[in-house]
Amino acid sequence: MIRFENVTKRLGRRNVLDGFDLEIKAGETFVICGPSGMGKSVTLKHMVRLLTPDSGHVWVGDDCVSEARGKELERIRARFGVLFQSGALLEWLTAGENVGLPLREHTDKGDEEIDTLAREKLRMVELEDAFDKHPSDLSGGMRKRVALARAIITEPEIVLYDEPTSGLDPVTSRTIDELIDNLRKQLGITSVVVTHDLHSALAIGNRIAMLNYGKAVEVSAPEEFMKSTNSVVRGFLEAQYITRRGAWEKGLKV
Amino acid sequence: MLFEATLFIPLALTKRRRSEVFNQLYITGIKSLGVITVVAAFTGMILALQTGLELRRFGLQQNIGTAVTVVMMREMGPFMTALIVAASVGSAIAAQVGTMVVSEEVSALEIMSINPVRFIVLPRLIALAVMMPILTIYTNILGVAGGALVGATQLQVSFQAYIDNAQLYAQNKDLYVGLLKAFVFGIVIATTACHQGFVTTEGAVGVGQATRRTVIISFLTILVLGYMLTRVFYR
(Lines give C-alpha, C1' and ligand atoms only; values in the text may rest on other atoms or scores of the structure.)
Protein backbone atom coordinates (compact mmCIF):
# COMPACT_ATOMS: atom_id res chain seq x y z
CA MET A 1 0.00 0.00 0.00
CA ILE A 2 2.73 2.47 1.02
CA ARG A 3 6.33 1.80 0.07
CA PHE A 4 9.53 3.71 0.82
CA GLU A 5 12.36 2.83 -1.54
CA ASN A 6 15.84 3.87 -0.45
CA VAL A 7 14.61 7.27 0.73
CA THR A 8 17.14 9.82 1.96
CA LYS A 9 16.16 13.12 3.54
CA ARG A 10 18.59 15.65 4.95
CA LEU A 11 17.29 18.35 7.30
CA GLY A 12 19.92 20.83 8.43
CA ARG A 13 23.20 18.98 8.83
CA ARG A 14 21.69 15.58 9.54
CA ASN A 15 20.35 12.74 7.41
CA VAL A 16 17.00 12.18 9.09
CA LEU A 17 16.20 9.35 6.69
CA ASP A 18 19.18 7.47 5.33
CA GLY A 19 18.51 4.85 2.66
CA PHE A 20 15.16 4.21 4.31
CA ASP A 21 13.04 1.25 3.15
CA LEU A 22 9.60 0.39 4.48
CA GLU A 23 6.44 -1.32 3.29
CA ILE A 24 3.01 -0.86 4.85
CA LYS A 25 0.28 -3.31 3.87
CA ALA A 26 -3.32 -2.43 3.04
CA GLY A 27 -5.75 -2.70 5.94
CA GLU A 28 -3.15 -2.94 8.69
CA THR A 29 -2.42 -0.62 11.58
CA PHE A 30 1.26 0.11 11.25
CA VAL A 31 2.96 1.84 14.16
CA ILE A 32 6.19 3.79 13.80
CA CYS A 33 8.01 4.46 17.05
CA GLY A 34 11.47 5.48 18.08
CA PRO A 35 13.48 8.09 19.97
CA SER A 36 12.83 11.78 19.34
CA GLY A 37 14.41 13.25 16.21
CA MET A 38 14.88 9.90 14.50
CA GLY A 39 12.54 10.60 11.59
CA LYS A 40 9.10 9.35 12.63
CA SER A 41 7.12 12.47 11.73
CA VAL A 42 9.41 13.06 8.74
CA THR A 43 8.45 9.60 7.47
CA LEU A 44 4.77 10.43 7.90
CA LYS A 45 5.11 13.76 6.08
CA HIS A 46 6.75 12.04 3.10
CA MET A 47 3.64 9.88 2.64
CA VAL A 48 1.52 12.94 1.83
CA ARG A 49 4.33 14.93 0.26
CA LEU A 50 4.53 17.59 2.94
CA LEU A 51 8.22 16.74 2.55
CA THR A 52 9.97 15.57 -0.61
CA PRO A 53 12.81 13.03 -0.46
CA ASP A 54 16.29 14.13 -1.50
CA SER A 55 16.62 10.75 -3.19
CA GLY A 56 14.56 7.58 -3.43
CA HIS A 57 10.82 7.19 -3.94
CA VAL A 58 7.64 6.95 -1.90
CA TRP A 59 4.81 4.94 -3.44
CA VAL A 60 1.16 4.88 -2.45
CA GLY A 61 -0.24 1.90 -4.32
CA ASP A 62 0.84 2.50 -7.92
CA ASP A 63 1.20 6.26 -7.42
CA CYS A 64 4.64 7.73 -6.84
CA VAL A 65 3.74 10.49 -4.37
CA SER A 66 7.31 11.78 -4.21
CA GLU A 67 7.13 12.85 -7.87
CA ALA A 68 3.45 13.81 -8.12
CA ARG A 69 2.48 17.37 -8.96
CA GLY A 70 -0.68 19.47 -9.16
CA LYS A 71 -3.91 17.54 -9.71
CA GLU A 72 -2.17 14.17 -9.43
CA LEU A 73 -0.87 15.11 -5.98
CA GLU A 74 -4.35 16.29 -4.99
CA ARG A 75 -5.79 12.94 -6.13
CA ILE A 76 -3.20 11.02 -4.08
CA ARG A 77 -3.71 13.22 -1.03
CA ALA A 78 -7.47 12.63 -1.26
CA ARG A 79 -6.72 8.99 -0.38
CA PHE A 80 -5.42 10.16 3.01
CA GLY A 81 -6.81 11.56 6.21
CA VAL A 82 -4.28 13.02 8.64
CA LEU A 83 -4.54 13.54 12.38
CA PHE A 84 -1.89 16.08 13.27
CA GLN A 85 -0.16 16.15 16.65
CA SER A 86 -1.89 19.39 17.66
CA GLY A 87 -5.15 18.52 15.94
CA ALA A 88 -4.62 21.44 13.53
CA LEU A 89 -8.24 22.57 13.81
CA LEU A 90 -9.06 25.98 12.36
CA GLU A 91 -9.71 28.14 15.39
CA TRP A 92 -12.35 30.41 13.83
CA LEU A 93 -14.54 27.51 12.77
CA THR A 94 -16.75 25.43 15.07
CA ALA A 95 -16.06 21.73 15.54
CA GLY A 96 -18.89 20.93 13.11
CA GLU A 97 -17.56 23.36 10.50
CA ASN A 98 -14.04 21.96 10.90
CA VAL A 99 -15.27 18.42 10.35
CA GLY A 100 -17.38 19.39 7.36
CA LEU A 101 -14.70 21.58 5.78
CA PRO A 102 -13.29 19.04 3.26
CA LEU A 103 -16.81 18.30 1.98
CA ARG A 104 -17.73 21.98 1.85
CA GLU A 105 -14.62 22.73 -0.20
CA HIS A 106 -14.62 19.79 -2.59
CA THR A 107 -18.18 18.58 -3.06
CA ASP A 108 -21.50 20.01 -4.21
CA LYS A 109 -23.27 18.63 -1.15
CA GLY A 110 -25.69 21.04 0.52
CA ASP A 111 -24.99 22.58 3.91
CA GLU A 112 -27.63 20.42 5.61
CA GLU A 113 -26.21 17.20 4.21
CA ILE A 114 -22.69 18.22 5.20
CA ASP A 115 -23.85 19.05 8.73
CA THR A 116 -25.56 15.65 8.99
CA LEU A 117 -22.39 13.86 7.87
CA ALA A 118 -20.27 15.95 10.24
CA ARG A 119 -22.60 15.07 13.14
CA GLU A 120 -22.36 11.41 12.18
CA LYS A 121 -18.56 11.48 12.28
CA LEU A 122 -18.58 13.42 15.55
CA ARG A 123 -20.89 10.74 16.94
CA MET A 124 -18.32 8.12 15.91
CA VAL A 125 -15.75 9.88 18.08
CA GLU A 126 -18.35 10.40 20.82
CA LEU A 127 -18.41 14.18 20.50
CA GLU A 128 -21.73 14.99 18.88
CA ASP A 129 -22.40 17.57 21.60
CA ALA A 130 -19.32 19.54 20.51
CA PHE A 131 -20.79 20.35 17.09
CA ASP A 132 -21.27 24.07 17.81
CA LYS A 133 -18.24 24.56 20.02
CA HIS A 134 -15.06 26.28 18.91
CA PRO A 135 -11.70 24.48 19.31
CA SER A 136 -10.75 26.88 22.10
CA ASP A 137 -13.66 25.48 24.15
CA LEU A 138 -12.41 21.89 23.80
CA SER A 139 -9.82 19.94 25.79
CA GLY A 140 -6.71 18.46 24.13
CA GLY A 141 -8.28 15.02 23.84
CA MET A 142 -11.53 16.43 22.45
CA ARG A 143 -9.64 18.47 19.85
CA LYS A 144 -7.85 15.33 18.69
CA ARG A 145 -11.14 13.47 18.41
CA VAL A 146 -12.67 16.31 16.38
CA ALA A 147 -9.57 16.28 14.18
CA LEU A 148 -9.99 12.54 13.79
CA ALA A 149 -13.62 13.06 12.72
CA ARG A 150 -12.39 15.57 10.13
CA ALA A 151 -9.72 13.15 8.93
CA ILE A 152 -12.26 10.43 8.20
CA ILE A 153 -15.18 12.45 6.83
CA THR A 154 -14.03 11.95 3.25
CA GLU A 155 -13.75 8.21 3.96
CA PRO A 156 -10.08 7.94 3.09
CA GLU A 157 -8.28 4.66 2.42
CA ILE A 158 -5.40 5.59 4.72
CA VAL A 159 -5.33 7.60 7.94
CA LEU A 160 -2.05 8.93 9.32
CA TYR A 161 -1.83 9.66 13.04
CA ASP A 162 1.02 11.87 14.28
CA GLU A 163 1.45 11.30 18.02
CA PRO A 164 -2.29 10.79 18.63
CA THR A 165 -1.88 10.29 22.38
CA SER A 166 0.87 12.78 23.18
CA GLY A 167 -0.03 15.17 25.98
CA LEU A 168 -3.12 13.21 26.94
CA ASP A 169 -3.88 11.47 30.21
CA PRO A 170 -3.76 7.64 30.17
CA VAL A 171 -7.54 7.21 30.13
CA THR A 172 -8.03 9.60 27.18
CA SER A 173 -5.06 7.96 25.45
CA ARG A 174 -6.74 4.56 25.65
CA THR A 175 -9.98 6.12 24.31
CA ILE A 176 -8.06 7.39 21.28
CA ASP A 177 -6.47 3.93 20.87
CA GLU A 178 -9.92 2.35 20.86
CA LEU A 179 -11.11 4.84 18.24
CA ILE A 180 -8.17 4.05 15.97
CA ASP A 181 -8.73 0.34 16.39
CA ASN A 182 -12.49 0.63 15.81
CA LEU A 183 -11.97 2.68 12.64
CA ARG A 184 -9.75 -0.04 11.22
CA LYS A 185 -12.28 -2.71 12.12
CA GLN A 186 -15.39 -0.79 11.01
CA LEU A 187 -14.10 0.95 7.90
CA GLY A 188 -11.14 -1.22 6.90
CA ILE A 189 -8.90 1.83 6.95
CA THR A 190 -5.14 1.43 6.66
CA SER A 191 -3.66 3.26 9.63
CA VAL A 192 -0.15 4.56 10.14
CA VAL A 193 0.51 5.73 13.69
CA VAL A 194 3.58 7.62 14.86
CA THR A 195 3.97 7.40 18.62
CA HIS A 196 6.35 7.26 21.56
CA ASP A 197 3.75 5.42 23.56
CA LEU A 198 4.60 1.71 23.34
CA HIS A 199 1.55 0.74 25.38
CA SER A 200 -0.51 2.28 22.64
CA ALA A 201 1.67 0.77 19.89
CA LEU A 202 1.37 -2.74 21.28
CA ALA A 203 -2.36 -2.39 21.80
CA ILE A 204 -3.38 -1.17 18.35
CA GLY A 205 -0.52 -2.13 16.01
CA ASN A 206 -0.56 -5.08 13.63
CA ARG A 207 3.11 -4.35 13.01
CA ILE A 208 5.52 -2.01 14.73
CA ALA A 209 8.61 -0.37 13.28
CA MET A 210 11.40 1.05 15.44
CA LEU A 211 13.30 3.91 13.78
CA ASN A 212 16.82 4.83 14.77
CA TYR A 213 19.19 7.16 12.92
CA GLY A 214 17.16 7.19 9.71
CA LYS A 215 16.62 3.45 9.39
CA ALA A 216 13.99 0.97 10.53
CA VAL A 217 15.98 -1.24 12.90
CA GLU A 218 13.03 -3.50 13.72
CA VAL A 219 9.75 -4.20 11.92
CA SER A 220 7.64 -6.92 13.47
CA ALA A 221 4.27 -7.91 14.93
CA PRO A 222 3.73 -6.91 18.59
CA GLU A 223 4.52 -10.41 19.91
CA GLU A 224 7.88 -10.55 18.08
CA PHE A 225 8.53 -6.91 18.90
CA MET A 226 8.26 -7.77 22.59
CA LYS A 227 10.85 -10.51 22.16
CA SER A 228 13.24 -8.43 20.05
CA THR A 229 16.85 -8.49 21.10
CA ASN A 230 17.61 -5.19 19.36
CA SER A 231 19.14 -2.85 21.94
CA VAL A 232 17.09 0.19 20.87
CA VAL A 233 13.84 -1.79 21.09
CA ARG A 234 14.78 -3.27 24.46
CA GLY A 235 15.76 0.14 25.78
CA PHE A 236 12.43 1.58 24.66
CA LEU A 237 10.42 -1.28 26.17
CA GLU A 238 12.23 -1.15 29.48
CA ALA A 239 12.02 2.64 29.68
CA GLN A 240 8.24 2.27 29.60
CA TYR A 241 8.27 -0.60 32.13
CA ILE A 242 7.16 -3.14 29.55
CA THR A 243 8.96 -6.45 30.07
CA ARG A 244 8.84 -9.79 28.27
CA ARG A 245 6.69 -11.14 31.06
CA GLY A 246 4.40 -8.13 30.99
CA ALA A 247 0.71 -8.07 30.37
CA TRP A 248 1.11 -7.41 26.65
CA GLU A 249 2.79 -10.76 26.06
CA LYS A 250 -0.36 -12.45 27.33
CA GLY A 251 -2.21 -10.96 24.41
CA LEU A 252 -4.19 -8.23 26.12
CA LYS A 253 -5.35 -5.95 23.33
CA VAL A 254 -7.71 -3.00 23.10
CA MET B 1 1.15 35.05 -4.01
CA LEU B 2 -0.70 38.21 -5.09
CA PHE B 3 -1.08 36.94 -8.65
CA GLU B 4 -2.21 33.51 -7.44
CA ALA B 5 -4.74 35.13 -5.11
CA THR B 6 -6.26 37.25 -7.87
CA LEU B 7 -6.92 34.09 -9.92
CA PHE B 8 -9.27 32.88 -7.18
CA ILE B 9 -11.31 36.09 -6.81
CA PRO B 10 -14.46 34.73 -8.57
CA LEU B 11 -14.30 31.63 -6.35
CA ALA B 12 -14.10 33.70 -3.17
CA LEU B 13 -17.30 35.51 -4.03
CA THR B 14 -19.41 32.36 -4.38
CA LYS B 15 -22.24 32.06 -1.87
CA ARG B 16 -20.51 29.38 0.21
CA ARG B 17 -17.29 31.32 0.66
CA ARG B 18 -18.69 34.83 0.93
CA SER B 19 -19.11 34.64 4.70
CA GLU B 20 -15.35 34.55 5.32
CA VAL B 21 -14.91 37.68 3.17
CA PHE B 22 -17.66 39.46 5.17
CA ASN B 23 -16.04 38.32 8.40
CA GLN B 24 -12.73 39.83 7.32
CA LEU B 25 -14.47 43.03 6.16
CA TYR B 26 -15.93 43.31 9.66
CA ILE B 27 -12.58 42.67 11.37
CA THR B 28 -10.74 45.10 9.11
CA GLY B 29 -13.35 47.82 9.06
CA ILE B 30 -15.46 47.91 12.17
CA LYS B 31 -12.77 46.82 14.61
CA SER B 32 -10.38 49.53 13.40
CA LEU B 33 -12.93 52.33 13.65
CA GLY B 34 -12.20 53.35 17.26
CA VAL B 35 -8.52 54.08 16.86
CA ILE B 36 -9.02 55.56 13.38
CA THR B 37 -11.61 57.97 14.75
CA VAL B 38 -9.21 59.35 17.35
CA VAL B 39 -6.18 59.49 15.03
CA ALA B 40 -8.12 61.04 12.13
CA ALA B 41 -9.73 63.78 14.23
CA PHE B 42 -6.46 64.74 15.90
CA THR B 43 -4.53 64.63 12.61
CA GLY B 44 -6.96 67.18 11.18
CA MET B 45 -6.79 69.26 14.35
CA ILE B 46 -2.98 69.28 14.42
CA LEU B 47 -2.82 70.12 10.71
CA ALA B 48 -5.24 72.99 11.16
CA LEU B 49 -3.48 74.34 14.22
CA GLN B 50 0.06 74.18 12.83
CA THR B 51 -0.90 75.53 9.40
CA GLY B 52 -3.33 78.08 10.82
CA LEU B 53 -0.80 79.55 13.28
CA GLU B 54 1.74 80.07 10.49
CA LEU B 55 -0.86 81.44 8.07
CA ARG B 56 -2.18 83.82 10.73
CA ARG B 57 1.22 85.57 10.77
CA PHE B 58 0.43 86.63 7.19
CA GLY B 59 -3.30 87.10 7.79
CA LEU B 60 -4.13 84.12 5.62
CA GLN B 61 -5.68 81.82 8.22
CA GLN B 62 -8.94 81.65 6.26
CA ASN B 63 -7.07 79.29 3.89
CA ILE B 64 -6.78 76.48 6.41
CA GLY B 65 -9.93 74.89 4.93
CA THR B 66 -8.06 74.23 1.70
CA ALA B 67 -4.82 73.28 3.43
CA VAL B 68 -6.37 70.69 5.72
CA THR B 69 -8.77 69.24 3.13
CA VAL B 70 -6.18 68.89 0.37
CA VAL B 71 -3.51 67.44 2.65
CA MET B 72 -5.99 65.01 4.22
CA MET B 73 -7.38 63.81 0.88
CA ARG B 74 -4.10 63.59 -0.98
CA GLU B 75 -1.76 62.30 1.68
CA MET B 76 -2.62 62.16 5.36
CA GLY B 77 -5.96 60.34 5.01
CA PRO B 78 -4.64 57.27 3.17
CA PHE B 79 -1.27 57.44 4.94
CA MET B 80 -2.57 57.59 8.51
CA THR B 81 -5.27 55.00 7.79
CA ALA B 82 -2.68 52.65 6.27
CA LEU B 83 -0.34 53.02 9.26
CA ILE B 84 -3.13 52.23 11.70
CA VAL B 85 -4.42 49.29 9.66
CA ALA B 86 -0.88 47.91 9.16
CA ALA B 87 -0.18 48.12 12.88
CA SER B 88 -3.51 46.67 14.02
CA VAL B 89 -4.96 44.48 11.26
CA GLY B 90 -1.72 43.63 9.40
CA SER B 91 0.08 42.50 12.53
CA ALA B 92 -2.96 40.47 13.59
CA ILE B 93 -3.09 38.75 10.20
CA ALA B 94 0.64 37.91 10.36
CA ALA B 95 0.24 36.52 13.87
CA GLN B 96 -2.80 34.47 12.90
CA VAL B 97 -1.27 33.03 9.72
CA GLY B 98 2.06 32.44 11.50
CA THR B 99 0.30 30.56 14.28
CA MET B 100 -1.58 28.52 11.67
CA VAL B 101 1.73 27.56 10.06
CA VAL B 102 3.37 26.65 13.37
CA SER B 103 0.38 24.64 14.59
CA GLU B 104 0.21 22.71 11.28
CA GLU B 105 -3.17 24.15 10.29
CA VAL B 106 -1.73 25.21 6.92
CA SER B 107 -0.34 21.69 6.42
CA ALA B 108 -3.80 20.33 7.25
CA LEU B 109 -5.30 22.57 4.55
CA GLU B 110 -2.73 21.31 2.03
CA ILE B 111 -3.56 17.70 2.86
CA MET B 112 -7.24 18.49 2.34
CA SER B 113 -6.22 19.97 -1.04
CA ILE B 114 -7.49 23.37 0.08
CA ASN B 115 -5.26 26.03 -1.44
CA PRO B 116 -3.98 28.14 1.51
CA VAL B 117 -3.66 31.21 -0.71
CA ARG B 118 -7.30 30.96 -1.77
CA PHE B 119 -8.53 30.01 1.71
CA ILE B 120 -6.45 32.34 3.90
CA VAL B 121 -4.99 35.13 1.76
CA LEU B 122 -7.85 35.96 -0.57
CA PRO B 123 -10.55 36.93 1.99
CA ARG B 124 -8.04 39.15 3.77
CA LEU B 125 -6.79 40.67 0.52
CA ILE B 126 -10.32 41.50 -0.64
CA ALA B 127 -11.25 42.87 2.78
CA LEU B 128 -8.24 45.20 2.96
CA ALA B 129 -8.51 46.32 -0.68
CA VAL B 130 -12.20 47.18 -0.15
CA MET B 131 -12.06 48.58 3.37
CA MET B 132 -8.95 50.76 3.04
CA PRO B 133 -10.59 53.27 0.65
CA ILE B 134 -13.77 53.26 2.78
CA LEU B 135 -11.79 53.84 5.97
CA THR B 136 -9.81 56.55 4.21
CA ILE B 137 -13.02 58.42 3.31
CA TYR B 138 -13.98 58.17 6.99
CA THR B 139 -10.52 59.45 8.03
CA ASN B 140 -10.79 62.33 5.55
CA ILE B 141 -14.20 63.38 6.87
CA LEU B 142 -13.09 63.28 10.50
CA GLY B 143 -9.80 65.01 9.71
CA VAL B 144 -11.55 67.83 7.89
CA ALA B 145 -14.10 68.09 10.72
CA GLY B 146 -11.29 68.20 13.30
CA GLY B 147 -9.66 70.99 11.31
CA ALA B 148 -12.93 72.91 11.19
CA LEU B 149 -13.29 72.60 14.96
CA VAL B 150 -9.82 74.06 15.56
CA GLY B 151 -10.47 76.74 12.94
CA ALA B 152 -13.66 77.82 14.64
CA THR B 153 -12.40 77.68 18.23
CA GLN B 154 -8.80 78.84 17.96
CA LEU B 155 -8.23 80.59 14.64
CA GLN B 156 -11.45 82.59 14.28
CA VAL B 157 -12.29 80.88 10.98
CA SER B 158 -15.99 80.12 10.90
CA PHE B 159 -17.21 76.69 9.90
CA GLN B 160 -18.88 78.11 6.77
CA ALA B 161 -15.73 79.99 5.74
CA TYR B 162 -13.67 76.85 6.31
CA ILE B 163 -15.95 74.73 4.10
CA ASP B 164 -16.27 77.42 1.40
CA ASN B 165 -12.50 77.74 1.23
CA ALA B 166 -12.05 73.98 1.04
CA GLN B 167 -14.57 73.68 -1.80
CA LEU B 168 -12.87 76.47 -3.70
CA TYR B 169 -9.51 74.79 -4.13
CA ALA B 170 -9.85 71.07 -3.36
CA GLN B 171 -10.38 68.98 -6.50
CA ASN B 172 -11.97 65.63 -7.19
CA LYS B 173 -8.56 64.43 -8.34
CA ASP B 174 -7.24 64.87 -4.78
CA LEU B 175 -9.90 62.51 -3.51
CA TYR B 176 -9.43 59.91 -6.26
CA VAL B 177 -5.64 59.84 -5.94
CA GLY B 178 -5.98 59.44 -2.18
CA LEU B 179 -8.41 56.55 -2.60
CA LEU B 180 -6.13 54.91 -5.17
CA LYS B 181 -3.30 55.14 -2.64
CA ALA B 182 -5.53 53.59 0.01
CA PHE B 183 -6.42 50.71 -2.31
CA VAL B 184 -2.73 50.06 -3.09
CA PHE B 185 -1.79 50.30 0.60
CA GLY B 186 -4.50 47.76 1.44
CA ILE B 187 -3.02 45.28 -1.01
CA VAL B 188 0.49 45.96 0.33
CA ILE B 189 -0.59 45.33 3.94
CA ALA B 190 -2.52 42.12 3.12
CA THR B 191 0.23 40.55 0.99
CA THR B 192 3.01 41.56 3.39
CA ALA B 193 1.16 40.21 6.43
CA CYS B 194 0.16 36.94 4.77
CA HIS B 195 3.62 36.40 3.30
CA GLN B 196 5.34 37.03 6.62
CA GLY B 197 2.85 34.68 8.27
CA PHE B 198 3.49 31.92 5.75
CA VAL B 199 7.28 32.05 6.15
CA THR B 200 7.06 31.81 9.95
CA THR B 201 9.29 29.24 11.62
CA GLU B 202 10.42 28.51 15.19
CA GLY B 203 7.13 28.65 17.10
CA ALA B 204 6.09 31.59 19.24
CA VAL B 205 9.36 33.47 18.66
CA GLY B 206 8.84 33.17 14.91
CA VAL B 207 5.27 34.47 15.19
CA GLY B 208 6.55 37.51 17.08
CA GLN B 209 9.19 38.15 14.43
CA ALA B 210 6.64 37.80 11.62
CA THR B 211 4.41 40.37 13.31
CA ARG B 212 7.29 42.80 13.77
CA ARG B 213 8.52 42.37 10.19
CA THR B 214 5.00 42.90 8.85
CA VAL B 215 4.67 46.28 10.55
CA ILE B 216 8.16 47.45 9.53
CA ILE B 217 7.93 46.29 5.90
CA SER B 218 4.39 47.67 5.53
CA PHE B 219 5.38 51.07 6.97
CA LEU B 220 8.40 51.39 4.69
CA THR B 221 6.54 50.22 1.59
CA ILE B 222 3.64 52.57 2.31
CA LEU B 223 6.05 55.51 2.65
CA VAL B 224 7.94 54.74 -0.56
CA LEU B 225 4.86 53.89 -2.61
CA GLY B 226 3.07 56.95 -1.23
CA TYR B 227 5.85 59.18 -2.51
CA MET B 228 5.98 57.42 -5.89
CA LEU B 229 2.22 57.71 -6.45
CA THR B 230 2.29 61.37 -5.48
CA ARG B 231 5.14 61.89 -7.94
CA VAL B 232 3.17 60.17 -10.71
CA PHE B 233 -0.01 62.22 -10.22
CA TYR B 234 1.41 65.60 -9.18
CA ARG B 235 4.32 66.73 -11.33
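The values are calculated or read from the model by the stated rules, or taken from the named source; none is laboratory data. Please read these numbers as outputs of a predicted model, since none were measured by experiment. Cβ atoms come from the backbone with ideal geometry, glycine included; neighbour counts cover every protein chain shown.
Below are the figures for this structure:
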| read-out | value |
| --- | --- |
| Filter result for A:LYS45 (assigned to a helix (DSSP H, G or I), within 23 Å of A:THR195 (Cα to Cα) and within 11 Å of chain B (Cβ to nearest Cβ)) | yes |
| Any hit, the range B:43-64, residues being crowded, with 22+ Cβ neighbours inside 10 Å, at pLDDT 85 or above and within 14 Å of chain A (Cβ to nearest Cβ) | no |
| In the range A:154-199, the residues that are under 19 Å from A:LYS40 (Cα atoms), in a helix (DSSP H, G or I) and in contact (Cβ under 8 Å) with a residue 60 or more places away in the chain | A:ASP177, A:ILE180, A:LEU198 |
| Failed item, numbered, when A:THR107 is tested on (1) more than 13 Å from chain B (Cβ to nearest Cβ); (2) farther than 30 Å from A:VAL16 by Cα | (1) |
| So A:LEU93, is it assigned to a loop (DSSP other than H, G, I, E, B), touching a residue at least 40 places away in the same chain (Cβ under 8 Å) and outside the structural domain of A:HIS46 (by TED's automatic domain parsing) | yes |
| Unmet criterion (only one of (1) at pLDDT 85 or above; (2) closer than 24 Å to A:TYR241 by Cα) for A:GLU157 | (2) |
| Residue that is at pLDDT below 90, under 21 Å from A:SER41 (Cα atoms) and away from chain B (no Cβ under 12 Å), where the choices are A:SER66, A:SER86 | A:SER66 |
| Test for A:VAL171: is it more than 15 Å from A:VAL31 (Cα to Cα) and either buried (at least 19 other Cβ atoms within 10 Å of the Cβ) or hydrophobic (A, V, I, L, M, F, W, C) (or both) | yes |
| Options B:VAL68, B:VAL39; residue that is surrounded by fewer than 22 Cβ atoms within 10 Å (Cβ to Cβ) and β-branched (Val, Ile, Thr) | B:VAL39 |
| Any hit, the range B:118-130, residues being part of a helix (DSSP H, G or I), within 30 Å of B:GLN167 (Cα to Cα), more than 14 Å from chain A (Cβ to nearest Cβ) and in contact with a helix residue (DSSP H, G or I) (Cβ under 6 Å, 6 or more places away or on another chain) | yes |
| So A:GLY81, is it among the small types (Gly, Ala, Ser) and either without any contact (Cβ under 8 Å) to a residue 12 or more places away in the chain or within 12 Å of another protein chain (Cβ to nearest Cβ) (or both) | yes |
| Residues of the range A:62-84 that turn out to be out of contact with any Leu (no Cβ under 8 Å at 6 or more places or on another chain) and either crowded, with 16+ Cβ neighbours inside 10 Å or within 17 Å of B:LEU109 (Cα to Cα) (or both), as a count | 14 |
| Scan of the range A:129-141 for residues that are farther than 13 Å from A:THR94 by Cβ and in a helix (DSSP H, G or I), ordered by number | A:GLY140, A:GLY141 |
| Every pair of residues 6+ apart whose Cβ atoms lie under 7 Å, when the first sits in the range B:45-70 and is under 12 Å from B:ALA170 (Cβ atoms) while the second is of a type in the set (Phe, Trp, Tyr) | B:GLY65/B:TYR162; B:THR66/B:TYR169; B:VAL70/B:TYR169 |
| Members of the range A:1-18 that are surrounded by 14 or more Cβ atoms within 10 Å (Cβ to Cβ) and not hydroxyl-bearing (Ser, Thr, Tyr) | A:MET1, A:ILE2, A:ARG3, A:PHE4, A:GLU5, A:VAL7, A:LYS9, A:ARG10, A:ASN15, A:VAL16, A:LEU17, A:ASP18 |
| Residue match in the range B:86-103 (condition: under 25 Å from A:LYS71 (Cβ atoms) and either within 14 Å of another protein chain (Cβ to nearest Cβ) or surrounded by fewer than 21 Cβ atoms within 10 Å (Cβ to Cβ) (or both)) | yes |
| A:ASP108, sole failed condition from (1) outside the structural domain of A:ARG150 (by TED's automatic domain parsing); (2) part of a loop (DSSP other than H, G, I, E, B) | (1) |
| Those residues of the range A:48-61 which are touching a residue at least 60 places away in the same chain (Cβ under 8 Å), crowded, with 21+ Cβ neighbours inside 10 Å and part of a loop (DSSP other than H, G, I, E, B), in sequence order | A:VAL48 |
| Scope the range A:108-140; condition touching a helix residue (DSSP H, G or I) at 6+ places or on another chain (Cβ under 9 Å), surrounded by fewer than 20 Cβ atoms within 10 Å (Cβ to Cβ) and among the small types (Gly, Ala, Ser); matching residues | A:SER139, A:GLY140 |
| The listed residue being modelled with pLDDT of 90 or more, within 14 Å of chain B (Cβ to nearest Cβ) and under 19 Å from the mean Cα position of the chain (by Cα), out of A:PRO135, A:PRO102, A:PRO164 | A:PRO102 |
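This table checks each residue for (1) in contact (Cβ under 8 Å) with a residue 40 or more places away in the chain; (2) touching a Gly at 6+ places or on another chain (Cβ under 7 Å).
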site	(1), (2)
B:VAL101	yes, yes
B:GLU104	no, no
B:ARG124	yes, no
B:LEU128	yes, yes
B:MET131	yes, yes
B:LEU135	yes, yes
B:THR139	yes, yes
B:GLY178	yes, yes
